[in-house]
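A.B. asks: Dumping the structure here so I can ask a few things about it.
The values are calculated or read from the model by the stated rules, or taken from the named source; none is laboratory data. Here the structure is a predicted model, which means the values were calculated and not measured. FYI the Cβ positions are ideal-geometry reconstructions off the backbone, even for glycines, and counts take in every protein chain you see. Accessible surface areas use protein heavy atoms only, side chains included; no ligands, DNA or RNA. Shrake-Rupley method; radii C 1.70, N 1.55, O 1.52, S 1.80 Å.
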Amino acid sequence: MTADLSGTSFAALHRPGEPLLLPNAWDHASAAALAARGFPAIATSSLAVAAAVGLPDGAAATREHTVRLALTLGSEPYHLSVDAEGGFSDDPAEVARLATELWAVGVAGLNLEDGLGASDLLAAKLHAVKAAVPGMFVNARTDTYWSGDGDERDTLRRLDAYQQAGADGVFVPGLTDPARIAGLVRHLGVPLNILYSPAGPTVPRLAELGVARISLGSLLYRRALGAALDAMDDIAAGRTPGGTTPSYDEVCALERSISVSRSANSTG
């Protein structure tokens, strides 16, 4: 079954206590398979996009590849959110042009990160994007926990600046402490996005804490790579590989089902 949007906006899927579980895809097949499981929104993964073409993640090197993937996925029958690192530029006007380009091909959401750089720079990018594309859901990510020391004051200062600049939601990857998550939910005036971690709170627990969006990041891509390596180890050792293996026909059917849905959406 493909995702049923039923007229629900991407923003409306961000409900504190009933969070959007947002899987991150890396190509058409992975996105189509996830949508076929009923997920109403799919995000891209910057690591997966970069790794697939042999480029570094977080180095503003994959603008072209990110836009190309968005062009492939943006017209599909699910909401699409794009991980655009820091917008691939330090020029807010250029980031706004990227957002406009993505919006034109059907992208509903944009994730922009500060990389622990100056908060006023990301705030300027957010302001420019919202001025250019008011309808786009812009998620502002701070890396204070992801690559920093988790300074609470700095986290709050950055998130406050991003809210004031027009962010529709904020993302704090690396934060797993339940008390701090709950504290942020109480403090914020916009939906809180948390990165799922197998070592962190479960999805039901994050819902109890008031989280509105749970991202998978690069986890599914890394799991897929791991499954391929495990399968090769099993085959080389004379064992039958375990795990789920879609058939050739099932993979082909993903393209057919999405194409049919796309046609129906364009004529409905």
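A.B. asks: Pop the C-beta distance of Ile235 and Glu255 into the FRET formula with R0 = 35 Å and round what comes out to the nearest 0.05.
C.D. replies: 0.85
A.B. asks: I've got another one for you. How big is the convex hull of the Cα atoms of the chain, per residue, in Å³?
C.D. replies: 135 Å³
A.B. asks: Here's another thing I want to ask about it. Largest first, how would Ile194, Ile235 line up by accessible area (1.4 Å probe)?
C.D. replies: On the way: Ile194 0, Ile235 95 Å².
Result of the area sort, largest leading: Ile235, Ile194.
A.B. asks: Which of the listed residues, Val107, Gly58, Trp26, is farthest toward the dipole's positive end in the stretch 1-149, when Lys, Arg count +1 and Asp, Glu count -1 at the beta-carbon?
C.D. replies: It is Val107, whose Cα lies furthest towards the positive end.
A.B. asks: Sketch the reach of a paramagnetic label on Arg186 as a point 7 Å from Cα along Cα-to-Cβ, and name the residues of the stretch 203-217 whose backbone nitrogen lies under 14 Å away.
C.D. replies: Only 209-210 pass the distance filter.
A.B. asks: Between Ser247 and Ser147, what is the label-to-label distance in nm when each label sits 7 Å out along the Cα-to-Cβ direction?
C.D. replies: Distance between the two pseudo-spin positions: 4.6 nm.
A.B. asks: Another question about this same structure. Please list, in order, the residues from the stretch 138-173 whose amide nitrogen is less than 14 Å from a point placed 7 Å along the Cα→Cβ vector of Ser197.
C.D. replies: Output list for this probe position: 143-151, 172-173.
A.B. asks: Quick one: of the DSSP bridges fully inside the chain, what percent are antiparallel, nearest 5?
C.D. replies: Around 0 percent of the beta bridges assigned by DSSP in the chain are antiparallel ones.
A.B. asks: For a test of the definition: using alpha carbon positions, the gyration tensor, and the 1.5 limit on a/c, classify the stretch 67-196 as rounded, prolate or oblate.
C.D. replies: Details: a/c = 1.97, a/b = 1.57, b/c = 1.25.
Taking the square roots of the gyration eigenvalues as a ≥ b ≥ c, the stretch 67-196 is prolate.
A.B. asks: Cα gyration tensor of the stretch 1-121, axes a ≥ b ≥ c as square roots of the eigenvalues: rounded (a/c below 1.5), prolate (a/b > b/c) or oblate?
C.D. replies: It is prolate, given that a/c is not under 1.5 and a/b is the larger ratio.
A.B. asks: Whenever you get a sec, line up Thr244, Thr66, Thr202 from highest to lowest accessible area (probe 1.4 Å, protein heavy atoms).
C.D. replies: Thr244, Thr202, Thr66
A.B. asks: Something else: How would Val172, Val203 line up by accessible area, probe 1.4 Å, largest first?
C.D. replies: So the residues, ranked largest to smallest area, are Val203, Val172.
A.B. asks: Any idea of Trp103's accessible area? Nearest 10 Å², probe 1.4 Å.
C.D. replies: 120 Å²
A.B. asks: Hey, how many Å between the Cα centroid of the stretch 17-47 and the Cα centroid of the stretch 103-130?
C.D. replies: The distance from the Cα centre of the stretch 17-47 to that of the stretch 103-130 comes to 20 Å.
A.B. asks: Measure out, as a whole number of angstrom, how far apart the alpha-carbon centroids of the stretch 52-96 and the stretch 204-224 sit.
C.D. replies: 21 Å
A.B. asks: Sticking with this one: Run the 1.4 Å probe and let me know the accessible area of Asp149, rounded to the nearest 10 Å².
C.D. replies: Roughly 140 Å² of Asp149 is accessible to a 1.4 Å probe.
A.B. asks: Once amide H atoms are placed 1.01 Å from N in the peptide plane, what residues at a sequence separation of 5 or more from Val138, or on another chain, have their amide H within under 5 Å of its amide H?
C.D. replies: Result for Val138 returns Leu110, Asp168, Gly169.
A.B. asks: Give me, ordered by chain and number, the residues 5 or more places off Gly150 or on other chains with an amide H under 5 Å from its own placed amide H.
C.D. replies: Tyr145
A.B. asks: Right, another one. Kyte-Doolittle mean at least -0.5 and Cα extent at least 24 Å along the axis: which DSSP H helices of the chain qualify?
C.D. replies: Helices passing the filter in the chain: 219-236, 248-267.
A.B. asks: So, in nm, how far is label Leu116 from label Arg68 when the simple model puts each one 7 Å beyond its Cα toward the Cβ?
C.D. replies: Here the modelled spin labels are 3.2 nm apart.
A.B. asks: Another question, if that's okay. Please state the charge dipole magnitude for the chain, taken about the Cα centre, from unit charges on C-beta atoms (+1 on K and R, -1 on D and E), reported in debye and rounded to the nearest 20.
C.D. replies: Charge dipole of the chain: 520 debye, to the nearest 20.
A.B. asks: As a check on your grasp of the helix formula, calculate [θ] at 222 nm for the chain: sum -39500 (n - 2.57) over DSSP H runs of n ≥ 4, divide by the residue count, round to the nearest 500.
C.D. replies: -14000 deg cm²/dmol
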